[in-house]
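Novice: Submitted below is the structure of interest, expressed as structure tokens.
The values are calculated or read from the model by the stated rules, or taken from the named source; none is laboratory data. Just so we're clear, the structure is a prediction, and the values are computed from it rather than from any experiment. Glycine gets a Cβ as well: all are built from the backbone with ideal geometry, and neighbour counts include every protein chain shown. These accessible areas exclude ligands, DNA and RNA; they are computed on the full protein's heavy atoms, side chains included. Shrake-Rupley method; radii C 1.70, N 1.55, O 1.52, S 1.80 Å.
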Amino acid sequence: MPQILMPALSPTMEEGKLSRWLVKVGDKVKSGDVLAEIETDKATMEVESVDEGVVTELLIAEGTEAVKVNTPIALVLAEGETAAAAPAAKTAPEPSEAPVVVAERAAEAAPAAASVPAAPKFEAQSDPDLPAGVEMVEMTVRQALNEAMAEELRRDKDVFVMGEEVAEYQGAYKVTQNLLQEFGPERIIDTPITEHGFAGLAVGAAFAGLKPIVEFMTWNFAMQAIDQIINSAAKQLYMSGGQVHAPMVFRGPNGVASRVGAQHSQDYSAWYSHVPGLTVIAPYSAADAKGLLKAAIRSPNPVVFLENEILYGSTGLVPQVEDFVLPIGKARIARKGADVTIVSFSMGMRYATQATEKLVAAGIDVELIDLRTLRPLDSDTVIESVKKTGRLVTVEEGWPQGGIGSELSARVMEQAFDYLDAPVIRVTGKDVPMPYAANLEKLALPNVDEVIAAVNAVTYRS
Amino acid sequence: MARKAVATKVKTQPNVPELTNEQELEAYREMLLIRRFEEKAGQMYGMGLIGGFCHLYIGQEAVVTGITMASEKGKDAQITGYRDHGHMLVMGLDPKGVMAELTGRSGGLSRGKGGSMHMFSNEHRFYGGNGIVGAQASLGTGLAFASKYKGDGSVSLAYFGDGAANQGQVYESFNMAKLWKLPVVFIIENNKYAMGTSIERSSATTDFSQRGASFDIPGEQVDGMDVRMVYDAAKRAIEHARSGNGPYILEMLTYRYRGHSMSDPAKYRSKDEVTKYRQERDPIEQVKARLLETGFATEESLKTLESEIRAIVTEAADFATNDPEPDAAELWTDITIEA
Ligand SMILES: Cc1ncc(C[n+]2csc(CCOP(=O)(O)OP(=O)(O)O)c2C)c(N)n1
Ligand SMILES: [Mg+2]
């Protein structure tokens with residue numbers, strides 16, 4: 001293996017800067033020796049030699065930016081080896097199977113008999129009007145979340161951040177970057193790996209008046225702590241007859257990550273949205289991430305704030321106003337349209353948005369709604385839309401049974417049955433644990449084609 | 001009157017235990033296989049052939065090697081976390097199947113559906129391959145429960161890290177294991193860090209061998225870079241568990257040379273610290289030096305062994321690169337068993 005290739009140091013890395021060579025032509029190297037340093041937006045890392053040999057050529061100059069993964073960067077020849085023997089890097093084959101469409105029809109259900117007192121109706125405010133000429137700044141979702149926390153930490157001394165690797169390591173996904181430097185170790189706290197313990201501790205601290213932000217490295221690990229989130233945080237206000245409450249935020253990346261398998265890749269949106277007492281938020285855009293996280297931190301209720309690892313690096317425009325706080329419980333109409341309603345949230349919005357672009361180009365006037373908050377769920381916006389379009393497609397990464405789409409489907413049937421021109425179709429993650437193999441993972445996820453197929457079905461164009 | 005709980009702190013033998021020349025060579029071979037396999041896996045990750053997380057065992061080879069040599073292969077059960085490639089290799093699983101699981105191919109041990117963190121073998125009694133930190137402590141205690149229930153005389157070997165040692169379920173398991181005298185050896189692989197957090201920053205007390213004190217579980221701190229020490233302590237611990245005395249804790253003082261996973265910049269520790277371990281404590285170099293000193297092996301014979309191992313690793317890598325991905329229909333299989 002004489003060619004040394006630009007390595008990928010994370011599942012999502014596509015290119016990086018070759019910042020420094022630590023060897024020169026003629027150097028003898030053995031396995032484990034550090035050859036070079038490379039830099040990505042996330043980190044600086046070292047490239048180690050795997051084989052023994054002599055460095056015969058450096059193919060990329062130090063300081064070169066944007067070197068694509070798998071580009072040959074150096075030649076290291078073993079004794080008696082010649083450069084011609086270099087095998088080309090193979091990449092994983094593209095999956096050949098066509099995507100499976102999950103298009104389950106909403107089942108019939110009897111209208112609910114109202115024998116208990118009706119729940120009070122939740123009414124959310126609209127987004128605040130932005131002053132004319134407000135400056136919009138492009139930033140990543142990661143930066144938006146980071147700014148939201150920093151601003152709220154500055155504003156309120158009772159707010160603190162706690163979780164695994166949030167402080168000295170600057171966050172496993174760098175969302176808490178620089179918070180330790182500004183706010184110190186009393187307020188930005190690294191915990192041991194004890195999710196059940198520190199989640200419970202934070203709930204207790206919230207009972208006593210503090211406003212914890214608990215970061216779970218990912219929501220998969222919050223399953224260790226789900227008892228404290230539901231049994232302690234969510235139910236406290238009710239159980240105490242309104243006396244004791246837990247003003248706090250549980251946050252971290254949720255949903256499907258890339259190639260990390262069944263235990264590290266799933267969507268908890270529906271799980272938490274099931275629970276009265278919790279507020280559940282799942283933003284898609286950078287602006288929503290910032291405005292809603294600030295709202296969550298100020299909320300007197302326990303908030304489950306579901307981020308998405310794949311979206312951390314995506315950018316959007318965020319208004320530069322003092323205190324950009326968005327209303328909890330209000331969906332956003334991402335595109336107005338008259339033919340069909342597509343409803344999604346978080347990562348699902350990426351599929352929905354791309355599908356919408358294609359559908360609009362094909363002459364279908366799509367109305368696209370980003371829920372943003374999953375509890376309280378903004379049915380009004382969805383119902384209004386469906387009354388206009390008569391058709392609904394929902395998109396989410398989670399499993400179909402008992403999903404957000406199922407809930408929307410039930411509500412639309414209860415409240416807008418007569419307006420429907422077609423059964424609701426749910427596009428969801430497949431009803432299987434997340435597989436690791438690249439081809440199977442792709443099949444397990446919802447995709448743009450499935451959304452288009454569903455829209456074609458509800459508009460009777462297929 | 002409160003009584004202070006005291007666990008027997010078993011002292012590691014002052015005299016270094018000896019392995020036979022044959023055992024030394026076996027240990028060398030196993031450890032070298034892990035080392036070369038992991039280096040190759042790191043390289044293949046860099047080429048995009050392996051996705052997601054990939055946690056390498058480089059530096060810690062003596063732990064699983066010494067323990068497995070002291071166990072009864074095929075009878076005693078083993079279970080660990082996500083840093084699991086070495087365990088499978090030493091337990092005798094086919095390197096091709098391990099590597100093909102890393103690349104997510106149909107010939108992988110979990111037919112490509114599990115990935116690097118999730119591999120298992122009923123035949124070899126290896127129960128994973130677990131991605132949730134600490135889960136294996138309870139699961140491993142359950143394997144011991146089954147052993148006692150069935151009376152099959154097997155011992156459960158449950159490995160977890162210094163970071164995992166702070167999870168609550170570990171102590172729930174310690175209590176049950178001692179209460180019911182279950183044949184389990186808890187092996188705490190203390191490599192000083194849990195991701196970027198050093199043990200001093202995460203743990204009120206850092207002598208993990210004493211973590212069973214309030215349950216009166218005996219514990220030993222062992223030089224986990226010296227395969228002789230590991231083997232010797234494991235013999236004692238396994239014997240203790242097998243003869244009905246209940247659980248035993250082995251704290252293995254070890255070190256991982258690489259980052260936590262492939263995407264860890266490892267800024268939390270100094271280069272000198274890593275270099276010191278590599279140069280002065282390397283588990284493989286230690287055995288190699290002894291083999292050459294006693295004359296049981298020569299530079300020449302070790303070179304031959306090295307090329308044999310490289311051939312095995314290359315074969316595994318080739319297989320894992322060319323083996324097809326699982327059939328699309330596999331997406332829908334293995335979810336539940338049709339009764
Ligand atoms: C319950 C849970 N929390 C967090 C994680 C993320 N995580 C994976 S490995 C790890 C560090 C574990 O360190 P340690 O137990 O010392 O084992 P080592 O990696 O050093 O072998 C963390 C925090 C996880 N997988 N599961
Ligand atoms: Mg560790």
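Novice: Search segment A:264-277 for residues being more than 14 Å from chain B (Cβ to nearest Cβ) and open to solvent by less than 10 Å² (accessible area, probe 1.4 Å), and hand back the single one that is nearest to ligand 2 (Cβ to nearest atom).
Specialist: The extreme case among them is A:TYR268.
Novice: Which of the residues spanning segment B:284-296 are crowded, with 17+ Cβ neighbours inside 10 Å and either touching a Phe, Trp or Tyr at 6+ places or on another chain (Cβ under 8 Å) or within 14 Å of chain A (Cβ to nearest Cβ) (or both)?
Specialist: Answer for segment B:284-296, where residues must be crowded, with 17+ Cβ neighbours inside 10 Å and either touching a Phe, Trp or Tyr at 6+ places or on another chain (Cβ under 8 Å) or within 14 Å of chain A (Cβ to nearest Cβ) (or both): B:ILE284, B:VAL287, B:LYS288, B:LEU291.
Novice: Just need a number here: residues in segment B:174-209 that are closer than 28 Å to B:TYR149 by Cα and more than 15 Å from ligand 1 (Cβ to nearest atom).
Specialist: Selection size over segment B:174-209: 13.
Novice: Next up: Just the residues that are surrounded by 10 or more Cβ atoms within 10 Å (Cβ to Cβ) and modelled with pLDDT of 80 or more, please, taken from segment A:102-134.
Specialist: Hits for segment A:102-134 are A:GLN125, A:ASP127, A:PRO128, A:LEU130, A:VAL134.
Novice: Another question about this same structure. Would you pick out the residues in segment B:315-339 that are free of Cβ contacts under 8 Å to residues at least 40 places away in the same chain and part of a helix (DSSP H, G or I)?
Specialist: Once the filter is applied, which keeps residues that are free of Cβ contacts under 8 Å to residues at least 40 places away in the same chain and part of a helix (DSSP H, G or I), segment B:315-339 yields B:ASP318, B:ASN322, B:ALA328, B:ALA329, B:LEU331, B:TRP332.
Novice: Could I ask something else about it? Mind counting the residues in segment A:1-56 that are farther than 30 Å from A:GLN170 by Cβ and assigned to a strand (DSSP E or B)?
Specialist: Of the residues in that region, 7 qualify.
Novice: Against the condition more than 15 Å from the chain's Cα centre (by Cα) and away from ligand 1 (no atom under 15 Å from the Cβ), how does B:ASN166 come out, does it pass?
Specialist: Judged against the criteria, B:ASN166 is not a match.
Novice: Only helices (runs of 4 or more DSSP H) wholly contained in segment A:199-315 count here; list those with 3 or more residues that are at pLDDT 95 or above and more than 17 Å from the chain's Cα centre (by Cα).
Specialist: Because the criterion is at least 3 residues that are at pLDDT 95 or above and more than 17 Å from the chain's Cα centre (by Cα), the helices (runs of 4 or more DSSP H) in segment A:199-315 that meet it are A:236-239, A:286-298.
Novice: Let me ask you something else. Quick one: B:GLU22 ticks every box in (1) open to solvent by less than 30 Å² (accessible area, probe 1.4 Å); (2) more than 19 Å from B:ASP282 (Cβ to Cβ); (3) assigned to a helix (DSSP H, G or I); (4) away from every other protein chain (no Cβ under 11 Å) except a single one, so which number is it?
Specialist: The one condition B:GLU22 does not meet is (1).
Novice: In segment A:11-52, what residues are polar (S, T, N, Q), surrounded by 20 or more Cβ atoms within 10 Å (Cβ to Cβ) and within 30 Å of the chain's Cα centre (by Cα)?
Specialist: Listed by number, the list is empty, since nothing qualifies.
Novice: A follow-up question, please. Looking only at segment B:139-162, which residues are within 16 Å of ligand 1 (Cβ to nearest atom) and either open to solvent by 40 Å² or more (accessible area, probe 1.4 Å) or closer than 24 Å to B:GLY104 by Cβ (or both)?
Specialist: B:LEU139, the sole residue that qualifies.
Novice: Right, B:GLU330: under 23 Å from B:PRO95 (Cα atoms), within 9 Å of chain A (Cβ to nearest Cβ), open to solvent by 30 Å² or more (accessible area, probe 1.4 Å) and in contact with a helix residue (DSSP H, G or I) (Cβ under 7 Å, 6 or more places away or on another chain) or not?
Specialist: Numbers: under 23 Å from B:PRO95 (Cα atoms): yes; within 9 Å of chain A (Cβ to nearest Cβ): yes; open to solvent by 30 Å² or more (accessible area, probe 1.4 Å): yes; in contact with a helix residue (DSSP H, G or I) (Cβ under 7 Å, 6 or more places away or on another chain): yes.
Spelling it out, B:GLU330 is indeed under 23 Å from B:PRO95 (Cα atoms), within 9 Å of chain A (Cβ to nearest Cβ), open to solvent by 30 Å² or more (accessible area, probe 1.4 Å) and in contact with a helix residue (DSSP H, G or I) (Cβ under 7 Å, 6 or more places away or on another chain).
Novice: Among residues belonging to segment A:360-390 that are under 27 Å from the mean Cα position of the chain (by Cα) and charged (D, E, K, R), point out the one that is surrounded by the fewest Cβ atoms within 10 Å (Cβ to Cβ).
Specialist: Among residues in segment A:360-390 that are under 27 Å from the mean Cα position of the chain (by Cα) and charged (D, E, K, R), the one surrounded by the fewest Cβ atoms within 10 Å (Cβ to Cβ) is A:ASP380.
Novice: Could you list all residues from segment B:72-84 that are within 16 Å of ligand 2 (Cβ to nearest atom) and touching a helix residue (DSSP H, G or I) at 6+ places or on another chain (Cβ under 8 Å)?
Specialist: B:THR80, B:GLY81
Novice: Condition first: open to solvent by less than 10 Å² (accessible area, probe 1.4 Å) and within 30 Å of A:GLU37 (Cβ to Cβ). Now tell me which residues in segment B:242-281 satisfy that.
Specialist: Result: B:THR254, B:TYR255, B:ARG256.
Novice: Then there is this: Quick check on B:VAL63: is it open to solvent by less than 10 Å² (accessible area, probe 1.4 Å), more than 14 Å from chain A (Cβ to nearest Cβ) and within 16 Å of ligand 2 (Cβ to nearest atom)?
Specialist: For B:VAL63, the condition - open to solvent by less than 10 Å² (accessible area, probe 1.4 Å), more than 14 Å from chain A (Cβ to nearest Cβ) and within 16 Å of ligand 2 (Cβ to nearest atom) - is met.
Novice: Looking at A:GLU152, A:GLU147, A:GLU165 in this structure, which one is buried (at least 16 other Cβ atoms within 10 Å of the Cβ) and either more than 24 Å from A:SER285 (Cα to Cα) or within 14 Å of chain B (Cβ to nearest Cβ) (or both)? Walk me through how you get there before you give the answer.
Specialist: Numbers: A:GLU152 fails: either more than 24 Å from A:SER285 (Cα to Cα) or within 14 Å of chain B (Cβ to nearest Cβ) (or both); A:GLU147 fails: either more than 24 Å from A:SER285 (Cα to Cα) or within 14 Å of chain B (Cβ to nearest Cβ) (or both).
Unique residue meeting the criteria: A:GLU165.
Novice: Still on this model: Of everything in segment A:44-70, what is within 13 Å of another protein chain (Cβ to nearest Cβ) and not polar (S, T, N, Q)? Give them in sequence order.
Specialist: A:MET45, A:GLU46, A:VAL47, A:GLU48, A:VAL50, A:ASP51, A:GLU52, A:VAL67, A:LYS68, A:VAL69
Novice: Continuing with this model, one more query. Could you tell me how many of the residues in segment B:190-222 are within 14 Å of chain A (Cβ to nearest Cβ) and of a type in the set (D, E, K, R)?
Specialist: 3
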